[in-house]
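Please treat every number below as a calculation from the coordinates, not as lab data. Since the model is a prediction, treat every value here as computed from it, not as a measurement. Note: ideal-geometry Cβ built from the backbone for every residue, glycine included; neighbour counts use all protein chains shown.
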């Protein structure tokens, strides 16, 4: 069976599609057969990222490592069993199709609660939750007392992950590895970083996730999306000599993220 990686966060703007694209293409570049799904059926940011990559390669006559992208199949409602959810069937069919050839399947979830997202979380062997370094995004994980900064209780998203873990346990599957990624970190506000870091470490022990470093707030990520490129492609398109310190640091951040995920059979060699 393929190892399923789900990138989930019910708040927008945390960099899910950037994380999804870089993790998926890094795995493909390292020789792992990788399939991808975009469950945001409205915005389709991840799907557009892949589409931009295909267009760029075609236009410039080059080949770049690329994950295998599948759309969710359309289903005739008349074929559903009594009580069967159409989204459950569509996701199940897409995953089954990718599992035939893939070692890893990465699923990018929308920034809202949907049936597809809920089911995907229950399928995840590894769950990556990118979050901005602020209490606004921390509220995704837990509710905090505004005066004391003490954790009052888990959020609805954390409860959904807990339910996903229960479903996996009932099905006899391995426990879900939940990794919260501190993303889009700025160079300033060191005091705030420490407060968020301390709060995350305390919460991680209560609700069971690991904390991993993500990407800094860098212009390079906004420039890569329209061309469908990632940090690891810059050498292939001949711009390594033009890479600045920020780009080199971003590449190191990607390396550290892949190492922190500790995916089975993956040796980070870039």
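So here's what we get for this one:
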item: Packing-based order for 37-44, 260-267, using average beta carbon neighbours within 10 Å, highest first; result: 37-44, 260-267
item: Over segment 3-261, relative contact order from alpha-carbon pairs under 8 Å, at least 6 apart, %; result: 24 percent
item: Whether segment 1-79 is rounded, prolate or oblate, judged on the alpha carbon gyration tensor where a/c under 1.5 counts as rounded; result: rounded
item: Value of [θ]222 nm, deg cm²/dmol, for the chain, DSSP H segments ≥ 4, -39500 (n - 2.57) each, nearest 500; result: -13000 deg cm²/dmol
item: Whole-Å distance, taken between Cα centres, linking segment 217-268 and segment 1-69; result: 14 Å
item: Choice from 15, 214, 61 with maximal GNM fluctuation in the chain (Cα, 10 Å cutoff); result: 61
item: DSSP-defined antiparallel bridges as percent of all bridges, the chain, nearest 5; result: 10 percent
